[in-house]
Amino acid sequence: MSCCAPGVEAGAALALQNTPEADDDTLLAAARDLGDGTCQLELGVPDVHCATCIRTIEQGLGGLDMVEHARVNLSTKRVRVTFDPKKGAPSKLTATVRQSGHRVMLLDAIVEDEDAKKLSHLVRALAVSGFAAGNIMLFSVSVWAGADAATRDLFHWVSALIAIPAVGYSGQVFFRSAIGALRHGRLNMDVPIALAVLLSLIMSVFETARGAENTYFDASITLLFFLLIGRTLDHMMREKARGAVKNLAQMAPRRAVLVKGDGTREAIAIADIEPGMELAITAGQRVPVDGEVKTGVSEADVSLVTGEAAPETIKPGSELLSGTLVLTGAITLVAKQRAEQSFLARMIELMEAAEGSRAGYRRIADRAAEIYAPAVHLLALIAFLGWGFISGDWHLATIIAIAVLIITCPCALALAVPMVHIVAAGRLFEAGIVMKDGAALERMGEAGHVVFDKTGTLTQGAPSVTEQFFGDAAALSMAGKLARLSAHPFSKALGIFALGDDVFAGETHEVAGQGIEGKDEDGIWRLGKKEWCNGAEAATQAPRNAMAQSEVWLSYNGNPVAAFALADAPRPDARIAIEALVAAGYEVSLLSGDRIGAVEKLAAELGIKNVRGEMTPADKVAHIQALQAEGENVLMVGDGINDAPALRAANVSMAPASAADVGRSAADFIFTRNSLTAVPATLELARKADKGVRENFALALVYNIVAVPLAMAGFVTPLIAALAMSTSSVLVTVNALKLRFGNPWLTKRRPTSRASSSRAEISHPEPAQ
Amino acid sequence: MSGLLALIPIALFLGALGLVAFLWSLRSGQYEDMEGAAHRILDDDEGPISEEKQKSE
């Protein structure tokens, strides 16, 4: 795709008028009222990537009368628009962005959440401690270099003047966490940190007042500085992951259109739907609540709901579960359940019930802290009592005990885990894999059994054209033109297969359940089912590939002229990924809600031996729990609403970006590229990260074995403390950086990956905006 | 020695100035879009972040 050129989806968008992005009420509800008559709206623009993109969007929006200010953020791929709702409808904004050739998505309303505030506080604390550390080190080096008595005292006083407010401000993060842990009767890593920082500061102030030679101001503040670096990076990583997840298209419907008794229509919130209400659902929308079709014939994509790949025909009387995507014709639906009793809500309940295996998981850093913290405190106590009783000098004993606390302060230990996770997250992020949380990486490192869902996970989740088995190239191009006017997944696949982006010029209409019909000067073109296009006879002459699941025909004035075979193809590299997993010693299973025949065919093709079909969401959870009962750590990879409980029940889970909202929020990792090699890549990196964390702990232990006897013997001067702590922190960080290298899955450059991923986005089952 | 009496405050003042400048730039949103800033430099017509930025904060 050339830079900033309107993509194929521009044509497909014609077929979809009723998306949340085009609905004024939905847009207004998502906007934030700034109070002075203007509103602010944040929209996702996932394709922006260069200066030209920024300019076209900003100038396009800025040219509108209603817009006061528009600014694109290239890092988060969003545009923030301040506009006056009285001067124009908000759908004009999205339309303008779309006209400039960019996809646009509605994001959740801007909520200034706790974590964002915490990050900005952390950055400020980091800046303050960095400033203080630099200046105090300046004075400390002068003292170590041999400043004499009066000068030394002056330097100590100036250091105290800087250190006290700096520690008071920057140290709050650790003090609060330490107090919180102590209140619950526990010890975490922050307890020894807070103790070491505070005690060294207090002792230094006393020593300064006495005019003593040694103070530990620099140790106290550089400790904070190093630890804050780790903590800030950790938060930035999570913030980035959250932003990336938020930028994925929202799929759950936000509002429904109510058809009143007198035939008038009104948009209502999903939560206000009562059983018996009649709802209008147009092509390309998802069903908000469970219900029964009253009027209209259409086709429905249930792949996210049940895992079944082939679209179903729906007609009056058909029962639909919430989350089902209506493909072709508009229908009216009589609600049978309220939103909170619908399929989606029941899945969320199952999900919460299945949480067990995670709640019991304790992070490796916490486990380490529980051994480490008491050990350190005990050592300091022994030093204090030992020196006190032996020498009788309790002042000296205090100083030595505090020196032990400072030198053992788990600087390296506190950095050991986050540093590895940050490097790993960055590496995964570059490969299009979003990691939500460091704990997930630890659980991933322990996984031994990989369970896949079929539709949308092992397969693309959307059909693609496998071959044209009848007709010529001219017919293909005509089929493409017609197909680009329809939202049906078959049409979308065909529109891409035919290449180009022009659409049929004449009059067209969709015949629900049959296909699309177009009229030009010469006659009638039909694109759709075989029978509708009179293709039965031609089909006997042109055999199609046995692998294909469905076919689409094109006819001209009643004569078939072309035919295409479609199949829900496996993801690229699915086979390679599975083989790699098996070779690496993982057990691989396939659990699907689809018919057993279809499941087994795919399993045979990919080389998976443990196969289960026709599983309900509860069956999947039960299967995973049975595996866990046998002592297996399970990684679940799935995408559907029906997979969400299983994703939560497994020890760790992954979902593709095309997954249902609920599946994405249940998963620990989300892979945004099309290739399934994301799974072995993540597993391998997780194992490496686990090794890295353990090495870091070992490094910290070695450091302590060397440093603690020195401190207890009373040999530690501020200079030695500063050197030892910095060295151990740097060592741990460097060791974590090892993760940036190796792992062939993540380093291999695939020249085609860009093209194939952009294709996948288009052939995605969701309505392209 | 008397030099120190002048130099120490000056050094501290300059350091504090850097800290304040950083905190100001942080607050005014200059770190919100590092990637965008790298690309915007190629854009000739771009005005300053503009007074309207204040409103969006």
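Go ahead and run the numbers for FRET between residue A:87 and residue A:474, Cβ-Cβ distance against an R0 of 51 Å, rounding to 0.05. About 0.55, to the nearest 0.05. Summed over qualifying helices (DSSP H, 4 residues or more, each -39500 (n - 2.57)) and divided by its residue number, the protein assembly as shown shows a 222 nm mean residue ellipticity of -16000 deg cm²/dmol. The alpha carbon centroids of segment A:357-433 and segment A:35-110 are separated by 48 Å. Shielding by partners for peptide A:54-61, expressed as the average number of C-beta atoms from other protein chains within 10 Å of each residue's C-beta, is 2.
The eigenvalues of the Cα gyration tensor, multiplied by 5 and square-rooted, give chain A an equivalent ellipsoid with semi-axes of 59, 29, 23 Å from largest to smallest. P(r) for segment A:464-567, from all Cα pairs and a bin width of 10 Å, is 17, 56, 25, 2 %, short bins first. For a straight C-alpha distance cut-off of 22 angstrom, the lysines reachable from residue A:87 (same-chain residues fewer than eight places away being disregarded) are B:53, B:55. Based on the convex hull around the alpha carbon atoms, segment A:363-423 presents an average projected area of 4.1 nm². Taking packing as the residue-averaged number of other Cβ atoms within 10 angstrom, the listed peptides A:684-696, A:464-476, A:255-267 run from highest to lowest as A:684-696, A:464-476, A:255-267.
A Cβ-based charge dipole, computed about the Cα centre of segment A:304-398 with Lys and Arg at +1 and Asp and Glu at -1, lands at about 140 debye. For residue A:340 and residue A:370, a Förster radius of 56 Å and the Cβ-Cβ distance give a FRET efficiency of 0.90, rounded to the nearest 0.05. Inter-chain Cβ neighbour count for B:17-26, averaged per residue, equals 3 (cutoff 10 Å, partner chain atoms only). The separation of segment A:288-320 from segment A:212-273, counted between C-alpha centres, amounts to 34 Å. Based on the Kirkwood approach, the hydrodynamic radius assigned to segment A:308-381 is 17.6 Å, with every pair of different Cα atoms included. Shielding value for B:29-41 is 5, the average number of Cβ atoms from other chains within 10 Å of each residue's Cβ. A simple spin-label model places the labels of residue A:532 and residue A:695 6.0 nm from each other, with each point 7 Å out along Cα-to-Cβ.
If you take the alpha carbon atoms of segment A:412-531 and fit the smallest convex hull around them, that volume is 174 Å³ per residue.
Scoring A:369-380, A:147-158, A:126-137 by mean Cβ neighbours within 10 Å over their residues and listing the highest first yields A:126-137, A:369-380, A:147-158.
Since every read-out is calculated from the coordinates, none of them should be taken as a lab result. As the structure is a computational prediction, the values presented were derived from the model and not from experiment. Cβ: placed from backbone, ideal geometry, glycine included. Neighbour counts: every protein chain shown.
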